[in-house]
Each structure stands twice: as C-alpha cells, then as structure tokens.
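See structure below.
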Amino acid sequence: MSGEPTTGSLGRSVRRKEDQRLVTGHGRFVTDLELPRMRHVAFLRSPVAHARITGVDTSEAVGTGVRVFTGADFADVELRAQSALPSYVETGQPVFAHGKVRFAGEPVAAVVAADRYRAEDGCELVEIDYDPLPPTVCAWEPPEEPVHAEAPDNVLLERTFTAGEVDETFAGAAVVVERDLVTNRHSGNPMECRAGVAVWDAADRRLTFWNGTQVPHIVRNMIAELMDLPEGNVRVIAPDVGGGFGVKAVLYPEDVALCLMARAMPGVPLKWTEDRAEHLLAATHARDHRYRMRAAFDGDGTLLGIDADVTCNVGAYSVYPWTAGIEPLMAGGLLSGPYRLAHYRATVRGVATNTAPSGPYRGVARPASVYAMEAMFDSAAARLGLDAVEIRRRNVIMPEDVPYKMPSRLVDDSGHYAECLDKALDLIDYPSVRAEQERRRAAGEAPIGIGVALYNELTGLGRAASAGPRMPFRTGHDACTVRINADGRVTVFSGVTSQGQGLETTVAQIVADGIGVTYDDVDVRIGDTDASLWGFGAFSSRQAVIGGGAAHRTAQAVQAKLLDLAAGLLEASVDDLRVVDGRISVVGEAEPRISVAEVARVAYLESHRLPEGIEPGLEATRFYDPIRGAFAAGAQVAAVEVDRTTGELTILSYVCVEDAGRAMHPQIVDGQIAGSIAQGIGGALYEHLVYDTDGNLSTGTLLDYLMPTSAEIPEMVIGHVSRPAANPLGVRGVGEGGTLGPNAVLAGAVHDALGIEIDTLPVSPSRVWEALHAQEVRA
Amino acid sequence: MDVHLIVNGERAHVDVEPRRTLADALREDLGLTGTHLGCEHGVCGACTVLVDGAPARACLMFAVQADGAEVTTVEGLQDGDGALHPLQEAFVAHHGLQCGFCTPGMLMTAAHLLDTHPGADRETIRAEMAGNICRCTGYQGIVDAVEAAGNARDTPA
Amino acid sequence: MKCAPFDYVRPAGVGEVVTTLRQAGGDGKILAGGQSLVPVMAMRMARPSVLVDVNRVPGLSSVETDGDAVRVGALARHALLQAQPDHPLLAEAASWIGHTAIRTRGTTGGSLAHADPSAELPVVAVATGATVSVAGPDGVRELDAAELFTGMMTTSLADDEMITSVRFPRPSRWGFAEFARRHGDFALVTAVVTEFGDELRVTLGGVSAAPMRAHAAEEVLAGGGSARDAARAASEEIEPTADLHGSVPFRRAMAAEMVRRALVRTGVEE
C-alpha cells in the first residue's frame, strides 16, 4: 500500500503524487487561478434551438461599463473539423453564432466584467432578436429546415462497412433476430465544469491559456492556427483538471472566444468558469443513437451475420477536431465486438440536429454498440432455448483465433474474453445465482435476472490502428523528456495529461524503474505545452500505453547516458554496471561504487571530470508509437432484482473482469474500472439529456439530470486476467472498458428476469413498468 | 456589507455584496480555493463546508449569513502540525479520490458523518454520503476510506 | 449561475420581518434555509429586490409537545425534525428530505411556504391536519394546512406574511411511503396514511398541484376495504400529469403502490 522508496515501484499501489495537494484543498484547478487585473467572462447563450439572428443590440450593456463581444467581432474565425472520408460534409462552427443559431445554449455573445456576478448582469442587458426556424431534435426524422445549408438532409457523413455475403447468409439462417434499439443521450459531466483563463502579452505577441483540457498540445496548435500565431507563441497549461471523460478533449468555441477576447484586451487576464447549467446545455453530449439490428444465427446459436443500420445524432456541429464521425465510425468499426463474424454490413451515419454537439465520451459509441450486439445474443438465446452464457461462448474470439481480423478489418490481438467470462462467472457464483433465480420463480418472490456482456476495448491506438474519422493528423505517438538534475533527482516533462487518472504517479513509477532510482526521487511535470515537447492527450485509453511507453523509452535512454558517464568515471565496462535505488554498482560486487547524484554532479558541474566524448547533462527526449493498438478484453456479469410493482432495479451483485495487461498501479487500475462502470450504470439507469420538440433541454439542472450517487452504485467485484500486451510495458488501456458493459448487462438482466426486451434506454422504472404492464395486458 | 467570521479557527473579514455566496467569499475573497463549486444549485455537494459544526452547501448560503459564524473548510482539516486528518489519510490510502474535485466536499461530509454516526457500516456510509457526487471513483474507494477512518477511530489506540 | 442583486435585511423580530416585507411591496422574499430559494435565484428565475433573512429571529427554532400535537417553530431545521422523538411520522418524513447538508439548513416554515407538491412536509401537514400560524400586519392568524396550499408552489400567504410555527397533530397510527428516482430526490409520489380516532386518512404528494387527500380511498377504508382496494381507488381519483419520469398510467400505478405500502405500514390489512 505505502510507497516504499525503492526501485521496483511498478506493479505496486504507491502513494499517488497528486493526493497530498488534493486532499488538503491545495489543488490547482484553472478556476483557482487569481491574477492581477483579472476580469470575468459570462457567455450569453441562445434561448432557442434554431433561429435566424435578426438583431444584436449591446448598447444598454455597454452603457453600464462592461465590455461586450458578439458574433460580428469574430465572424472571420470558424472551427472546421476535417476528415478525408469521401462522404464527409465539412461544416463550420462559429465562435459566436452569427446569422443563425443552431442549438439552444449556443454562445451568441460574451460580457467581460469585474466579477462573474456583474458579467451575468451584463448578459441580461444584451438584446438579441431571433426569427425562429423549425428545429430538428430527432436524428431519424427528416428535417423541415436543415441545420447546415451544406447538408440538406442533415447527414454529415455516412459509411457502409461490409464483409462477406450478408444477404445470402440471412437467406440461409435458421434464426433471424431483429430489434430496433435506441440509446439515451447523456454526457460525461465531470465534477469540474470547463474553465479557462487567457492572457495576451501584446509586446511579445504571446498568448497564455490555462485550460481545463485533456488535450493541451492539440489546443495549442489549433488556437495558434485559428489566431494566426506562431505555435511557439501560444502556451497552453492544463493544471489540475477535475475529470474529463472526453468532454474536455474537444476545442470549444468558448475556448477560442476567450483567447480572441484576451487578444482584444491586452494585459487583462480573462477568466471563464463554466457553470453546470452551461455545461449541460453546451458541453458535448453523446450516445443519442438508434441501431436497427438484424442478426442471423444457425440452429445451434452460431452467429452468421449482422446487418445493421446505425444513426447517431451528432448535434448541431461537427466537433473540433474529432468531427461528426467519431461516434458513427466507432460504432461501425467495433459493433461486432469480441465475436467471430464473417458476414457483416453496417451502414452508419452522423446526422446533424438542433441539439448540443455530440463529442467523445468515455467508451465512444461502444456502450451503445455493445448493448446492440449483446441484445442480439440475448434474443437469439431466448429463441433457441440456450443459456445467455452458452451462446456467447460459442461465438467469442478465442486465443487460438488471434490475431483475428474483425469484419471491419480491425485486428484483435487479445482473445482472452472467455477467460474473463469464466472468472466473472466464478466471482458471481453463477450456478448459485441461477439456483436462487429458480427458487424465487417457484416461490413467487421478486424476480432476479442475470445480465452478461463481453467487450473488446481498443486502447492505445498507434499510427496503423485508425478507428477514427481520418482527420488531418494521426494520434499514434507521445513524447517524453527525462532529466536527471545535478542533485541526482529526476524531473520528467511528459506529454501526458491527467484528469484524475494519476499520470504523475504512473509516469514517475515508469521512469523510476526505467532509470533505477526511487519513486520518491522522481517528479513529473505535465500539462504545460512550454514544458513538454508533445502529447496528443487523454483519449482512447491511450496514455498508459503510449505516454507510458514514451516515458519508459526515455528513461532507458537517460539510463544509458548515465551509465556511459559512470562507466567512464569508474573505468568500468557499461555492460557490467547496474543501477538500483539511485546507486550504481558493478556486477559481482557487493557494494555500489557511486550514486546517481555523484554522476549527475559531474554531468553538470564538474566538466573537468567528464570522460572524453561524453556531453554534459543527463537528459533525453523520446517518442513512442505502438504502431497498432492493444485490445483489452472485458466481461461483466450482474444479478439484478426487479420490483414488479414499480419497475425499479436493485443490483444485487456486479462483477467485472478485465484484461488490463500488466497493472502498473493496481489501485489506479481498479479505480478506473470502478469509475467507468459507475458511469455506465448512470447511463444505463438514470442519466438522460432530454430535449422537448422545440429543442429546449428539459434536463438542464442536476435535479433533472440524475447522476448516480453512492446510494445507487452497488458494491462491485473487480477481477483481473493479466495478459501482458505486446508493448514495452505490457500494458493495455483501462480507462474506458467499464462503461461498455452496463447498458447490455442491465437491459439483459431485465430480459432474463422478466422475458421483456428493453429496446429503449435508460432502463428507468417507468420503462420497465410500462413493458411489464404491456406484458400483463397481452397475457 | 461587512462580514466577520471565524474560518478554520482564525478571524476573517470580508466586505461583500449581499448576493455573494459563502463559497465565492471563501474562494475569491479569502483565497480558500479548496472549497469547490460543481453545480451552484445545491445538488453535487462539492462546496460542502461546516458552518457552526454542521455541514452546509456553501453555494446555497450567502456570505452575509455567515456573519459571526464559525466555518470549517477542507483547509482546516489538518491539525496544527500539518499532519493529515485521518480521513485525508484514509482517502489517500484507499484511493478515495481520482481528480480530487469532489474530494473537499466528500471530506467535510465524511468528517461530520464520523462524528454523528460512530461505527457506521458501509450501507450507512453510502446513504449518508449520497449528497456528494463523485464522477471518478464509482464510490468504492470513498466508502472504503470512510469505513477505514471510522474503524480506526472506533478502535482505541 | 449567480444571483441578481438584492437588498439584504436581517430583522431581529417577527414584527420587523412583516414591516420589511410590506415595505418591499410584493418584491420581498423571506430567506430561511434557502435550500430551494437560492438555487432559483442563482438561475435568476427568482429575483426578489429585498431578501429578508429570518434566520436570527429568536424563538422560532424549537420543537415542543403541545397536547396531542407537536408544535414546530418555522425555523426548526429538517435535521431537528428528524432527530425529535415526539412525532415519529414527522421524523420519518424529514429523513426523506434531500441529504444531511440540506437538512441542516432547510426549515419547516420554508418548506411549507415554498409549497412544492413533491416535498415531504407539505404532505405531512395536510395528512395530519396541521395548523399553521402566520404573522402579518394585523397580528397572528391560524389556518389549516389544507387552506395554505392553493396550487403549484403557491400559497394563501400574503406578500407581507410569515409562517411562525406549525402545529402537527400526532396520529395514533401512520404509514409513510415515497417513490423517488434516487436517494434524496424529490418524490414522484409520496403517500402518507394517518389515523385520527377511527378515521384513516390517505394523503398524496407529487400527483397534483398541491398535496391532496384521497377521499375515495378513505371511503373504501371506512367501508372496511383492503389496502389494495383503497390503493386502487386512490390511483383512480388522482389526475397526475406525465413528465420525464413517466406516463400518466405509470404515475397512477406508483400512487397506488405507495398508498398500498403506506397502508400496510400503518397496519391495514393488505
């Protein structure tokens, strides 16, 4: 548990470096920043979903002494997410809406004032006239008036994945299962909303932007491009960030506005702290999808073919820089999950509507696609009289199938699904849960059901493993700089970012082990584009694999330099030197010869002792790219009690087994899994962003948008199948997998308990009750 | 308006508009940024502080209402020597935090819980902590931490 | 999410509260616990020009036994109601309000004056036939809780009146049941059953603009009907509206189920 200060910290749950400041109230979040002459920003947001802007009058607000910016101020700046996909319709997102607004909550103006209270006062005095247009809220209803003129049918992209002979396969199938499934729009909702502080130094034409972002280097480059500044003159700092989950992996118009306004007010730091109402309205949403699913099986439950039509509501804008393709393409690429499948057709499309833009959210599309896929097995099992576990066993990719080329042509390198499933069934004691289910059935007691989901999580995507929308950049690598200072302690400038994942800790563990110093001797600096060379940031469960790999490679490079120098000083052969706990010894000798600190002192301060040909300093910078990805296998199983009178579910037990590869910090790994399952349960049972037909968000506060609390989330049992991946650290990403199971598990459990197919999420009491009621009426 | 209060045992004074919340006064006027704002409408619990010993949402109190009151924030949990409060130590040991944004409110709620429910079991902890939302941990580490801190306290040294 | 500006007054007595409210001419608002008022002010959906902070008005915070009832000061916090032993139904209802940090601030008077139909205390007030003491320019008047609630978050209180205390009669038997989405959420349905003498009352919250007695259900019970029969009658006599959490039939069914549970908890045959 505690961090003993020795080399070999990898694999142990050392004390997190972040925790001391966070538990004492000394975290450094963007909103905590206080700078001289700071002014505060409030955004005025559209109260309507779709309208032409016919008038803007700021005179009354300006008369009170505040500064007001509107669409006209920055009309020449537009965020345009790009993709090389042939069907992609490129559209632009303005900094402030001008001409027309496309969703309720879109920023139309900003007020800068002495404090946030006065900024909000100022917003009330800005008058915007709207001429309403018919809004589109549902992505599978034709628009009366398109969101963007460039896409008259609102379709921003469409792609069909095909493999094998789908029509012939269905024609010859013993059983064809068909279901139309709709998943509920919800969002990441980190506890810290978005935030930014921007300040412009006019003399040097330099911008500093503190931003609660997952992707500071991407933000730096995009801001520089949009503001026509040299990249080196833009510094983005992501200090402590209070959760991200994908929501903060997007560059938002508010971010750009803040920087543009700062340039217009030189030397005045501008702070914006998003409030929760703004967050619910205008931070990215996700998971508003419809899956029209057909699955063909043979008589013994072997999956033969899938024919799917997937529509994703991508909201009003194609998010920058990920595009409107992020959800539909992920759905099409990974729909078949960890199952063998030869005949596959999936048409996926991203459709614009007058709702908040959809963006990346932990698990991107797969909580929905896993639900859709698992629903096919649940229905087929019921039709064929097979056990839900048995039908999955017959179809899952096994180790001997690996590498398995999925019908979407992604290559699965895992195959450990059955092993995860077996362990999960052991942990939940499957036979006794089934026995209890039978006992209750016989006794007429509250029914219980068992839900099962298997999934593959594609993590740590290298340059060759693109599941994304062919953007003008590939996110395959990260950089790391490791410096042994003259005192022998180590400072790491890593390209990773952290929103709670504990990367300061993990990177320190990797570097400490990589060099041979103690964990306590390593400090890690992250989130500052002026300090670290490069990192794409936190998304796609990539950082442990890629940022971790970079840290490992760099630490090894620095160790090589260290030992070269030490070898010269000791007049020994490099090959005979070992470094452990900050001390360098010669193989075969009992006592170390020299400390890392003594060698480091020579490297910087005693150049007269430097051996011939050795440069001063002890530093290296390396990149790492895993080229492919590392699939992480997972299985979740739960036993759920249903109250027939209210439709309420009680989760009696929830088990998850994942193959995270080698666990570098077991507590952090389990924390990622538990946290992602909790978000998955939230999405499956409670969280729903609901728009009315006029495009107004009906769930605009946390009184209506129901995030689960400690009273709703059950005790979870987390197990591991640790199969080292083929990368230097043997790790697989672990940040997202947990979210993939709960939709399928909980809907499946209701199916198992009651024989009711839940086709629309969330699995709310009313949904279950209505289905039960309909079942009773039919009976 | 002038507001005199005692914060973490020390006298404090702020001059604020009546509409300024206690949370904003603590954070912006007194520089105690450990108290976080997650929703500003009383649901998430991130801003929970102790007012005269009882937990309260600092976003739902105006600073002027705290005139004469004793307020304890997360910055006041450590003892005079700077040692961590047993709850802080337990949150670290049991991975009761990830991003740390909800943590100050969690700690203040838990501090009151341990005072009022000695020996609370996991079910009680889950029910009593339900006014504080965490988005990272899935609550497992938080419940572990509060349970462990409670057990440690109930066990005579 | 910051309040619009207001003037703040902190009177030392009820008389001063009433005077201040009268001077505000309908634009004043009493600040008690603030747990419902401050959020809507922060969202600028309420913007009183004068906020009258009654928290330091003395003598309004106690809970005392008063014959066959319990008299609760307007400033008694929910946490105090939850902890008091003299009126178990009130204690049970209070335990369902929000969370600890809400209950330490929220007040009885504030909850009744706010008149949220899905809040617990207004239902208990109607279920027990509570008497509400109200101070105004002409002194103190008393009214039945049922007369206090006139509609969705509206009461018969004048702009310059303040609830000072509430007298909750103690039922001989009672049952409480609530259906909410999450722990501590506002109720979709609250059912309270109270017995006074040989009369069984059934009161519902969350199904109409104000807490309501389910008279048809009460008649079924008076006629010796079962809990299930009474529950069915209650579900048929209400006119709930559909919302995010469910359809009209679902809400009727939940009302029936909560009535059934409250009756069973009271001791009525299922």
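Every read-out reported here was derived from the displayed coordinates using simple, explicitly stated rules and does not represent laboratory data. Please read these numbers as outputs of a predicted model, since none were measured by experiment. Cβ placement follows ideal geometry from the backbone for every residue including glycine, while neighbour counts extend to all protein chains displayed.
Where does the charge balance sit around A:A620 when Lys and Arg score +1, Asp and Glu -1, over other residues with C-beta under 15 Å from its C-beta?
0
Taking 8 Å as the Cα distance limit and 6 or more residues as the minimum spacing, I'd like the relative contact order of chain A as a percentage.
16
Output wanted: per-residue J couplings in Hz (rounded whole) for segment C:230-239, from phi through Karplus 6.51 cos²θ - 1.76 cosθ + 1.60, θ = phi - 60°, x for Gly and Pro.
5, 4, 5, 4, 4, 5, 8, 8, 8, 10
Karplus couplings for segment A:539-548 from phi (6.51 cos²θ - 1.76 cosθ + 1.60, θ = phi - 60°), rounded to Hz, Gly and Pro as x?
5, 6, 6, 9, 6, 4, 6, 8, x, x
At a Förster radius of 51 Å, what calculated FRET efficiency corresponds to the Cβ-Cβ distance of C:S95 and A:D180, to the nearest 0.05?
Efficiency at R0 = 51 Å is approximately 0.75.
Sorting check: for A:313-326, C:95-108, which peptide has the highest mean count of neighbouring beta carbons within 10 Å, and how do the rest follow?
The packing order, highest mean first, is A:313-326, C:95-108.
Over all residues in B:10-19, what is the mean tally of Cβ atoms on other chains that come within 10 Å of each residue's Cβ?
Taking all residues of B:10-19 together, the mean is 3.
Over the Cα atoms of segment C:173-266, how large are the radius of gyration and the largest Cα-Cα distance (Dmax), in Å?
Computed over the Cα atoms of segment C:173-266, radius of gyration and Dmax are 12.3, 40 Å.
Please provide three numbers in whole Å: the alpha-carbon extents of segment C:7-53 along the principal axes, with the largest listed first.
The principal-axis extents, from largest down, are 30, 21, 13 Å.
On average, how many beta carbons from a partner chain sit within 10 Å of the beta carbon of a residue in A:696-705?
Shielding by partners across A:696-705 averages 4.
Residues with beta-carbon under 14 Å from that of C:L81, excluding C:L81: net charge, scoring Lys, Arg +1 and Asp, Glu -1?
Net of charged neighbours comes to +2.
Going by how many other Cβ atoms sit within 10 Å of their own, how do A:M471, B:M108, B:M129 line up, fewest first?
A:M471, B:M129, B:M108
For peptide A:447-456, what's the mean number of Cβ atoms from other chains within 10 Å of each residue's Cβ?
Taking all residues of A:447-456 together, the mean is 0.
Between A:D228 and A:R474, what length comes free when the chain is fully extended (0.36 nm per residue of separation minus the Cα-Cα distance, one decimal in nm)?
86.3 nm
Starting from the Kirkwood radius over alpha-carbon pairs of chain B, derive D by Stokes-Einstein at 4 °C in a medium of 1.567 mPa s and give it in µm² s⁻¹.
The calculation lands on 82 µm²/s.
Cross-chain or 8 or more residues apart, Cα under 28 Å: how many lysine pairs in the protein assembly as shown fit that? Count them up, please.
So the count of such lysine pairs works out to 11.
Which FRET efficiency value, to the nearest 0.05, is calculated for A:T650 and B:N151 with the Förster distance at 22 angstrom and r the Cβ-Cβ distance?
Efficiency at R0 = 22 Å is approximately 0.25.
Tell me, what is a quarter of the convex hull surface for the C-alpha atoms of segment B:86-152, in nm² with one decimal?
It is 3.6 nm².
So what's the back-of-envelope 222 nm ellipticity for the protein assembly as shown, counting only DSSP H runs of four-plus at -39500 (n - 2.57) apiece and dividing by all residues, rounded to 500?
Mean residue ellipticity, 222 nm, calculated: -8500 deg cm²/dmol.
Quick one: A:T709, A:T54, A:T646, fewest Cβ neighbours within 10 Å first, how do they rank?
Ordered from fewest to most neighbouring Cβ atoms within 10 Å, A:T709, A:T54, A:T646 come out as A:T54, A:T646, A:T709.
Diagonalise the Cα gyration tensor of segment A:237-328 and give the resulting equivalent ellipsoid semi-axes, square root of 5 times each eigenvalue, largest first, whole Å.
For segment A:237-328, the semi-axes come out at 42, 13, 11 Å.
Show me the three semi-axes of the equivalent ellipsoid for segment C:63-169, from the C-alpha gyration tensor (sqrt of 5 times each eigenvalue), largest first, rounded to whole Å.
20, 15, 13
Using a simple spin-label model with points 7 Å from Cα along the Cα→Cβ vector, what separation in nm is obtained for B:D115 and A:A72?
Label at B:D115, label at A:A72, 5.7 nm between them.
Round to the nearest 0.05 the FRET efficiency obtained for C:D229 and C:E142 when R0 = 35 Å and r is the Cβ-Cβ distance.
0.45
If you take all C-alpha pairs in segment A:494-565, what percent of them are over 18 Å apart?
For segment A:494-565, the fraction of Cα-Cα distances above 18 Å is 35 percent.
Say each of A:T160 and C:A46 gets a label point 7 Å from the Cα, pointing the same way as Cα to Cβ; how far apart are those two points in nm?
Distance between label points: 5.8 nm.
What net charge do the residues around A:E225 carry, taking every other residue with its C-beta under 14 Å from that of A:E225, with Lys and Arg at +1 and Asp and Glu at -1?
Taking every other residue near A:E225 into account, the sum is -3.
Where the convex hull is taken over the Cα atoms of segment A:557-661, what is its projected area averaged over directions, in nm²?
13.3
Given the peptides A:73-84, A:291-302, arrange them by the average over their residues of other C-beta atoms within 10 Å, most packed first.
Ranking the peptides A:73-84, A:291-302 by packing returns A:291-302, A:73-84.
Kindly give Rg over Rh for chain C, based on alpha-carbon atoms, with the Kirkwood expression for the hydrodynamic radius.
Answer for chain C: 0.98.
What share of Cα pairs, in percent, lie more than 57 angstrom apart in the protein assembly as shown?
Roughly 16 percent, rounded to a whole number.
With a point put 7 Å past each Cα toward its Cβ, work out how far C:A83 is from C:T241 in nm, to one decimal.
Those two pseudo-labels are separated by 3.9 nm.
For A:E90 and A:D131, calculate 0.36 nm times their separation in residues minus their Cα-Cα distance, and state this gained length in nm to one decimal.
12.2 nm
What do you get for Rg/Rh of segment C:1-155 when both radii come from the Cα atoms and Rh is the Kirkwood radius?
Using Cα coordinates only, the ratio equals 0.95.
In percent, how large is the relative contact order of segment A:706-779, given Cα pairs closer than 8 Å and 6 or more residues apart?
Across segment A:706-779, relative contact order equals 14 percent.
State log₁₀ I(q)/I(0) for segment B:2-76 at q = 0.13, 0.25, 0.27 Å⁻¹ as given by the Debye formula over alpha-carbon point scatterers of equal weight, solvent excluded.
Computed log10 I(q)/I(0) values: -0.29, -1.19, -1.41.
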